[in-house]
Structures are given as structure tokens and as C-alpha cells.
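Have a look at the structure below before the remarks.
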Amino acid sequence: MGTCSRRPSFLRVASWNINSFTQRKRELQEVVNRLDIDVMVIQETLLIEADRASVPGYTLYRKERQQR
């Protein structure tokens, strides 16, 4: 068996109360790239159901807030 030069197996997870995905999208992309984040949990995006959101290199899962 050959040697593997991959980094050790661990998962980088982060959480951020972003308070507006739209206004901080560029900052979010910089942070996940700089810190090599595997999973980012984002709260308080202030997105509405019709908004489209994406971060290159990541899969986005959303749960809309139910109206009160």
C-alpha cells in the first residue's frame, strides 16, 4: 500500500449568525475558504422563500421560518 498525502480525517464545522446572507455573502465565501470549513451552519440569513442563495463549492440546505 502506498502512502497518502491527504490531511488527517477530521471535519471542520462552523456556525455563524450572519444577519443578512445577501450583504455578507462575499465575507462568508472568504471565511469558509480561508478556514477550510467543511460544514457551515448559517442562522439569521434574512432570506425569503423566493430568494436564491448559493456559495460556490457548497450544497445549500434551507429551512424557511414558519410565519407566526
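We did not get these values from a lab; they are worked out from the coordinates using the rules stated. What you are looking at is a predicted structure, and each value in this text was computed from that prediction instead of being measured. For neighbour counting, all protein chains shown are included, and Cβ atoms are generated from backbone atoms with ideal geometry for every residue, glycine included.
Before moving on, here are some points about what is shown:
- Estimated distance in nm for a label pair at L11 and K63, the labels positioned 7 Å out from Cα along Cα-to-Cβ: 1.6 nm
- Value at 222 nm in deg cm²/dmol, rounded to 500, when DSSP H runs of n ≥ 4 in the chain each add -39,500 (n - 2.57): -6500 deg cm²/dmol
- Principal-axis tilt of helix 21-34 within the chain, Cα atoms, nearest 10 degrees: 10 degrees
- P(r) tail, the chain: Cα-Cα pairs separated by more than 21 Å, 33% of all pairs.
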